[in-house]
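Structure first, commentary second.
The values are calculated or read from the model by the stated rules, or taken from the named source; none is laboratory data. Just so it is clear, the model here is predicted, and its values are computed rather than measured. Cβ placement follows ideal geometry from the backbone for every residue including glycine, while neighbour counts extend to all protein chains displayed.
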Amino acid sequence: MTVAEAQGAVDAVWRIESARIVAGVARIVRDVGLAEELAQDALVAALEQWPESGVPKNPGAWLMAIAKRRAIDLIRRKETYQRKLAELGHELEIGGESVEDSVEDRVEAILEDHIEDDLLRLVFTACHPVLTMDARVSLTLKLLGGLKTDEIARAFLAPEATIAQRIVRAKRNLAKAGVEFEVPSGPELLARLQSVLEVVYLVYNEGYSATTGDDWMRPALCNEAMRLGRLLVELMPTEPEVLGLLALMELQSSRANARTGPDGEPVLLLEQDRRRWDRLLIRRGLEGIDRAWALETPPGPYLLQAAIAACHARAADPDDTDWARIAGLYAVLAQVTPSPVIELNQAVAISMAFGPERGLQAVDLLADDPSLKDYHLLPSVRGDLLFKLGRLDEARTEFEKARRPHPQRTRTQTPPGTSGDLFGVI
């Protein structure tokens, strides 16, 4: 095997296995940054040995074993070795084994018996609220996505040095804050889970409606967010918001092929060729929603947004869309997550279900909301409704407002599947 072939094999294995390796080692050393360094040491060993020995039958287990040995060696070298050994012995007493049992045996127990728990711990650690959102996103993609620093930088069109510095600071801040490598419990679990889902959703939104660069979509980011979502579903299969977020992303991604025309021009939701929608993603999304509703718990914002997206997915023709249900779902969503943007989306659905006059009445209730002052979709929606009512001069005025540059305008201000799909934010 050549060095280049070994490099390709290592890269492929790392993308698949890195999260499990880092998570398993982090449980030993209790430091995410240090765990990643030890895992990287295992990669170096693979690059040195695989060209001669070939790729092992189970390359992930090979890397895990090397990283494990590095962790054991590190523990032995530290002055706190006895304390660490006692902690491991106390935590992992198995069938009468004593604290004096070998470190190797106890570490083996960690890595073999607790890998799913370790992955969940890694998720909650990387998305800890002590970090800024940018840091959470970068660290999550690095540790859980197995992306290299330059790949993250390219995805977000940021300098590689900026991303590298952000990741280093994130790991340093986790250590400084003494963040435990654990899954929170009780009320803190739901609070922290919100942070985790927010990170995944932000990654997806940046791929779905990119805020920088010339491309409207970055499929690689959407796919990475969905991969993280599927990992979360495997780890937390009875959490309705986890199921809801994955379903939302799958349903939105099902439209990807139809969102642009032959020359790359954006195609709005009601004008898309629905025959180009991905039926497999739609089926998976709908199944996820059914699983979430079957849990019979009050719906959260991600499940509600997924239910809205499902209304579009189920309609083979735009005229078949159940706009009354969409308006009702937005009403519930506005109660769960109060937001004038959500209310604007509700107004759009009301207009589609009950006519432009009813929709305009709902929009006008939002006209003086200060948070919508620079939100270009407000005059865009209002202009569309006035045009449908034949009030052309008023409509023209609103459309002119919508065209004016606004300093705070971004393409991700509107969640996917909302009025943005109808009025210009794809």
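Here are a few things to note about the model shown:
- Close pairs from region 30-53: first farther than 21 Å from T125 by Cβ, partner at pLDDT below 90 and polar (S, T, N, Q), Cβ under 7 Å, at least 6 apart: L47/Q7; P51/T2
- Qualifying residues in region 305-326 (those that are assigned to a helix (DSSP H, G or I), touching a residue at least 12 places away in the same chain (Cβ under 8 Å) and more than 26 Å from the chain's Cα centre (by Cα)) - the one farthest from Y204 (Cα to Cα): A324
- The set of residues in region 381-399 being assigned to a helix (DSSP H, G or I) and not charged (D, E, K, R) consists of V381, G383, L385, L386, F387, L392, A395, T397, F399.
- Note on region 217-259: residues that are in a helix (DSSP H, G or I) and of a type in the set (D, E, K, R) amount to 6.
- Residue count for region 154-169 under the criterion of being surrounded by 18 or more Cβ atoms within 10 Å (Cβ to Cβ) and in contact with a Ser or Thr (Cβ under 7 Å, 6 or more places away or on another chain): the result is 3.
- Qualifying position, being touching a Ser or Thr at 6+ places or on another chain (Cβ under 9 Å) and crowded, with 19+ Cβ neighbours inside 10 Å, among L378, L366, L385: L385
- A247 meets each of the listed conditions (1) within 25 Å of I16 (Cα to Cα); (2) modelled with pLDDT under 90; (3) small (G, A, S) apart from (2).
- Test: D421 is of a type outside the set (A, V, I, L, M, F, W, C), under 26 Å from A315 (Cα atoms), modelled with pLDDT under 85 and assigned to a helix (DSSP H, G or I): yes
- Residues in region 116-153 that are surrounded by fewer than 20 Cβ atoms within 10 Å (Cβ to Cβ) and among the hydroxyl-bearing types (S, T, Y): T132, T149.
- Total residues in region 117-147, condition modelled with pLDDT under 85 and assigned by TED's automatic domain parsing to the domain that holds L221: 4
- For the criterion of being part of a helix (DSSP H, G or I), small (G, A, S), at pLDDT below 95 and on the phi < 0 side of the Ramachandran plot, S351 fails.
- Any chance G244 is surrounded by 23 or more Cβ atoms within 10 Å (Cβ to Cβ), under 20 Å from V196 (Cβ atoms) and without any contact (Cβ under 8 Å) to a residue 40 or more places away in the chain: no
- Residues within region 215-230 that are surrounded by 19 or more Cβ atoms within 10 Å (Cβ to Cβ) and modelled with pLDDT under 90, tallied: 6
- Among the residues of region 172-187, the one identified as under 11 Å from H128 (Cβ atoms), part of a helix (DSSP H, G or I) and out of contact with any His (no Cβ under 7 Å at 6 or more places or on another chain) is N173.
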